[in-house]
Structure formats: C-alpha cells, structure tokens
1. Under a Cβ-Cβ cut-off of 13 Å, what is the net charge of the residues other than E313 that fall near it, where Lys and Arg count +1 and Asp and Glu count -1?
2. For a quick check: sort S352, S327 by the number of other beta carbons within 10 angstrom, fewest at the front.
3. Would you grab the residues whose amide H sits under 5 Å from the one on R196? Only those 5+ places off in sequence or on another chain, please, with H modelled 1.01 Å from N.
4. Length gain on complete extension for the stretch A286 to E45, per 0.36 nm per residue less the alpha carbon to alpha carbon distance?
5. Largest first, please: the extent of the C-alpha atoms of segment 348-410 along each principal axis, to the nearest Å.
6. Taking the Cα centre of each part, how many Å lie between segment 378-428 and segment 199-224?
7. Relative to the longest principal axis of the chain, what angle (0 to 90°, nearest 10) does the C-alpha long axis of helix 408-426 take?
8. Using only Cα atoms, locate the centre of segment 288-307 and the centre of segment 125-182, then give the distance between them in Å, rounded to an integer.
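Each value in this text was obtained by applying a stated rule to the coordinates, not by laboratory testing. Predicted model only: the values in this text are computed from it and were never measured. Here the Cβ is made from the backbone with ideal geometry for all residues, glycine too, and neighbour counts use every protein chain on show.
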Amino acid sequence: MTLTLAESLAAGIAARRDDLVALTRDLIRIPTLNPPGLNYLEICEYLGERLGRAGFTVELIRARGAPGDSSTHPRWNLVARHEGQGAGDCVHFNSHHDVVEVGHGWTRDPFTAEVEGDRIYGRGACDMKGGLAASIIAAEAFIAACPDFRGAIEISATADEESGGFGGVAYLAEQGRFSPDRVQHVIIPEPLHKDRICLGHRGVWWAEIETKGRIAHGSMPFLGDCAVRHMGAVLAEMEATLFPLLATKRTDMPVIPEGARQSTLNINAIHGGAVEQAEDYTGLPAPCVPDRCRIVIDRRFLIEEDLAEVKREVTALLESVKARRPSFDYEVRDLFEVRPVMTERNAPIVRSTAAAIEKVLGRAAGYVVSPGTYDQKHIDRIGRLKNCIAYGPGVLDLAHQPDEWVGITDMEDAARVMALVLAELLQP
Ligand SMILES: [Zn+2]
C-alpha cells in the first residue's frame with residue numbers, strides 16, 4: 001500500500017510529536033523578554049543550529065541602529081532558507097521570538113515549560129513559541145516526505161514584535177527580505193486558533209494632544225489659564241460628539257471580538273500640572289495653575305476609513321472647543337500610525353490554508369481580522385507583499401496572561417495544516 005502525500009505528512013508529524021513538545025519547551029526555556037530584549041542571540045543560535053541540521057541555510061541578522069538595538073541588548077533575527085529542486089514559489093513562516101513581561105498571578109514557573117496533560121505552560125507558549133515550533137516541525141516533515149519539492153521554504157524568528165517590530169520584521173523588510181521576487185507566500189503563526197485564518201488588522205493612529213495654559217499662583221487662578229480645565233472641555237466634547245460618532249462606524253472586516261467591529265478610541269494616558277513626586281516625598285505639592293495638559297489617544301480605524309479623515313475628526317473637535325473658549329490653544333503630535341491591511345480571500349495563501357484546514361479538521365475555515373496590529377503591517381507596507389496571513393495554534397485570549405499555555409494537539413493539527421499548505425504550493 002502506498003500512502004498519499006497527505007497521509008505521509010500526517011504520519012510524519014505524528015511521529016514527531018515528542019520532538020514538537022521538546023522543541024516548544026526548549027524555546028520557552030530561553031526567556032526572550034521584551035522589553036528590554038533578553039537572550040535574542042541565544043534563541044537565534046539555538047534555532048540556527050537546529051535548522052542547519054535540517055538542511056537550511058541559516059543567517060543571523062542584527063538590526064543595527066533599529067529602535068531598541070544596543071550593544072547590551074542587540075536585536076538579533078534569524079532567517080533560514082531551504083531550497084527545493086528547481087524553480088518555484090517561496091513559502092515563508094515568520095514568527096516573533098520575543099515575549100512580554102511575566103506579570104502577576106502565575107501559579108507555575110513561567111520559564112520551566114511544565115507539561116500537564118495536553119498543555120505546555122509558560123510565557124510565550126501560545127504567543128508564539130508554539131506556533132514557531134509547529135511551523136518548524138511542518139517544514140521538516142514536508143521536506144522528509146517530499147524531498148524533490150519545488151521552490152523554497154523560509155523560516156524566520158524575529159525580534160521586537162511586541163514593541164512594534166522595528167528591530168525585527170520591519171528591518172528585514174527594509175533589507176528586501178519580503179520583496180515579492182524573493183518571497184511569494186507568508187504565514188505568521190500567531191495564536192489565532194487552528195481553524196481560523198486571520199486576514200489582517202485594523203489601522204492605528206496614536207497621537208498626543210496638548211492643551212496650553214499659563215502658570216500662576218494657585219490662590220489667584222484668574223491670573224493664569226488652567227490647561228487641565230481646557231482638557232476637561234476637550235474630553236467633554238469627545239463624550240458628547242466623538243464617541244457617539246465612532247460607535248456608528250461599522251466595518252465589513254470580520255474583526256474579532258465583535259466589539260472591535262467599529263471604530264474605537266482609547267485615552268491611554270493623561271498628565272497635567274506638577275509632576276508626581278516620588279513615593280518617599282513627604283512634603284505637600286506646590287500650588288500652581290497648570291500651564292499644560294497632555295493626553296495620548298489610541299484611535300483604531302477601519303479599512304473603510306481614511307487616515308486623513310480620522311485625523312480631521314479630532315482637529316475639527318479641537319477647533320469647535322476653541323470657538324467656545326477664547327484663550328484655548330492646543331497642539332496635536334503624531335506618535336505612530338499604521339494603515340489597516342486585509343488580504344483578499346481568494347489570495348493563494350488564503351485558499352490553500354482554507355483547503356488544508358478543511359482536510360485536517362473536517363470543517364470549514366473561519367476568517368477573522370485582528371483588532372490590533374502585528375507584523376503583517378511591515379510585510380504589507382515595506383515588503384509590498386499582499387499574499388500574507390496569520391495562522392497558528394493557540395487561544396488568542398491567553399496571550400500576555402498568567403499561566404499562558406499552548407495545546408499539544410492544537411500544535412500538531414496546525415503543523416499538519418501548514419505541511420499541507422507546503423504540499424499544495426510547492427509540490428513538483
Ligand atoms: Zn504574538
């Protein structure tokens with residue numbers, strides 16, 4: 001009896017189950033905390049050695065001069081490429097290797113990678129060392145079952161996704177690593193669940209708004225101009241007009257959770273008046289009229305919206321406050337912006353992943369869009385590559401939480417899906 005390629009891939013991945021668990025545990029045991037960016041070289045060297053043994057050509061690339069890069073905390077990235085026999089497309093799996101801080105509330109050690117039943121626990125287990133391990137096992141099983149494949153497979157492990165990706169995917173994209181002539185298909189194994197394809201994300205605009213006043217003695221506020229009162233008027237105007245407006249803006253993007261299927265705005269911070277004193281300061285504050293007050297806004301916008309219009313809404317609001325308050329003045333400073341991205345449903349990577357999910361899990365794939373951004377933004381904008389999705393094992397809600405875990409069977413199923421995608425796109 002001869003096995004079909006799909007059957008031999010499934011058998012190859014089942015045979016690698018212990019290896020998948022061991023690899024995931026090894027990755028969790030390297031605490032790549034970001035910030036500040038610890039052990040990036042260690043994890044890249046570990047992966048480089050493994051992928052080198054599997055026949056990949058391995059490069060370790062430091063994002064010199066990128067935000068966060070320093071001699072104490074260098075931003076190391078790994079890119080590994082396995083050429084097939086003859087010309088064809090390149091399928092690239094991109095995972096970030098950094099993890100967020102541990103935080104409070106853990107009942108287990110976050111870096112010993114305890115296994116209990118079908119779960120591996122640890123910081124980064126689901127976001128996203130489990131996905132990285134699944135993609136490596138998928139590639140190794142595919143290469144073993146189909147050694148004469150066409151094209152190429154790339155695996156990257158990149159820095160700093162949790163802090164914007166500038167020392168990771170953005171840097172590699174600027175070096176041409178995601179240009180469409182080099183890479184044709186990208187899967188980012190973020191934990192979106194094994195039966196869902198994430199097509200993209202909403203847009204982001206962060207800005208700082210400052211209201212201006214004039215300092216004076218607090219006992220004679222009429223001699224100054226209180227910037228905090230001006231900010232109060234701005235916030236009242238937001239409550240009265242902007243938040244209700246945003247609630248009416250709905251998207252056709254399949255954003256999860258449902259509450260994020262509209263425009264949203266968060267006020268990330270507010271500061272006004274004298275700076276807060278250190279906790280060991282036992283004196284009283286000095287009485288002054290605050291001469292400035294600042295907020296940081298985090299506006300998430302939809303693919304149907306235009307960024308210039310998003311900014312105009314805020315300027316119009318500030319102008320309407322100004323019309324009512326003669327001494328009011330303000331400044332808006334852009335901090336960060338990312339346009340929304342959404343890969344077409346009929347893109348090759350979407351179609352082949354959907355077919356593979358149906359084959360492995362026996363149910364139709366779900367399509368989702370992330371409320372927040374991830375590294376797809378850099379692949380889309382700098383790399384100009386539109387054929388990109390996020391697909392990987394794990395429950396998104398567990399990301400950044402205490403007692404984070406990834407399911408072993410989920411990783412195995414996701415690896416089978418990834419291997420079938422390789423079979424469909426790279427078969428001779
Ligand atoms: Zn992640």
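1. On the way: positive: K249, R299, K311, R312; negative: E237, E305, D306, E309, E319.
Net charge in that neighbourhood comes out at -1.
2. On the way: S352 20, S327 11.
Ordered by Cβ neighbours within 10 Å, fewest first: S327, S352.
3. G366
4. On the way: separation 241, 0.36 × 241 = 86.76 nm, distance 5.45 nm.
Value of the extension gain: 81.3 nm.
5. Each principal axis gives a Cα extent; for segment 348-410 these are 36, 32, 18 Å.
6. Rounded to whole Å, the Cα centres lie 41 Å apart.
7. Compared with the principal axis, the helix lies near 70 degrees.
8. 35
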